[in-house]
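This report concerns only the one structure given below.
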């Protein structure tokens, strides 16, 4: 029998393991995989998910891969106040 930590750390996960890793239901993940929304592949007739691809996908979805460094962020300029009518 595998421990839960061992299951989470596997590189290739089944739909139940991947859904638990992502924190969504298996039904939702099945729909996402069928629609091509998440990176997945079929092994026989069952969906499989690579942890590294899911991690990269989550980074892209959250914008973490494109966030500029804090030093590069410039404050937004204020718009001029409108004149009272």
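For residue 27, work out the one condition from (1) in contact with a strand residue (DSSP E or B) (Cβ under 7 Å, 6 or more places away or on another chain); (2) at pLDDT 95 or above it doesn't fulfil.
(1) is the only condition that residue 27 fails.
Collect the residues in segment 33-59 that are surrounded by 13 or more Cβ atoms within 10 Å (Cβ to Cβ) and in a helix (DSSP H, G or I), keeping them in residue-number order.
Correct list: 33, 51, 53, 54, 56, 57, 58, 59.
Return a yes/no flag: does segment 8-15 have any residue that is modelled with pLDDT of 95 or more, under 16 Å from the mean Cα position of the chain (by Cα), surrounded by 10 or more Cβ atoms within 10 Å (Cβ to Cβ) and assigned to a helix (DSSP H, G or I).
Yes, the conditions are met somewhere in segment 8-15.
The values are calculated or read from the model by the stated rules, or taken from the named source; none is laboratory data. As the structure is a computational prediction, the values presented were derived from the model and not from experiment. FYI the Cβ positions are ideal-geometry reconstructions off the backbone, even for glycines, and counts take in every protein chain you see.
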